[in-house]
Amino acid sequence: MDPRASFRIKGKQIDGHFAFDGIDFLVEAKWQNELVGVQSLDAFKAKIDRKLDNTLGLYWSYNGFSPDAVERHSMSRPAMILADGADLIAVLERRIRLDELLRRKRRHAAQTGEILRRAQEMLGD
């Protein structure tokens, strides 16, 4: 995956980067009590939009996302996929490999426009 740790570009913090299946991903990670809202996803999308066309985002929020944030960013051409704490636990417990989780999330977003599909939904398939 060729990961890169947190870095700054002209005052903008990027939590990480990795290349996967020929696509560059910027990473945003939050470990907070509140659900991630529209403004946070808007700010992350702006970071992605300033990169090459083949760049997507992975926003990982341990406590999840507000429904309106997910809906708003699923309505137009999605630039990111979302993961939550349950997804992280599924990977750590080896119920799904990280690469498989990412592929299935990206495929689901490409086919439906929905940027959040949880590991538990995938494992129930």
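Where a number appears in this text, it was derived from the coordinates with a stated rule and is not lab data. Note that the structure is predicted; figures quoted are calculated from it, not measured. Glycine gets a Cβ as well: all are built from the backbone with ideal geometry, and neighbour counts include every protein chain shown.
Overview of results
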read-out	value
Taking the chain and dividing mean pair separation by its residue count, relative contact order in percent (alpha carbons under 8 Å, at least six apart)	19 percent
Mean Cα-pair separation over length for the stretch 64-125, i.e. relative contact order, pairs under 8 Å, 6 or more apart, %	44 percent
Spatial extent of the stretch 33-101: Rg and Dmax, with the Cα atoms as the point set, Å	12.8, 35
Kirkwood Rh and Cα Rg combined as Rg/Rh, the chain	0.93
Candidate aspartates and glutamates - alpha carbon under 16 Å from residue 30, same-chain residues fewer than 8 apart omitted	15, 42, 84, 87
Charge sum, other residues only, whose C-beta stays under 13 Å from residue 61's C-beta, Lys/Arg counted +1 and Asp/Glu -1	-3
Magnitude of the charge dipole, the chain, Cβ model with Lys/Arg +1 and Asp/Glu -1, debye to 20	340 debye
Euclidean distance of C-alpha centroids, the stretch 68-125 and the stretch 19-39, integer Å	11 Å
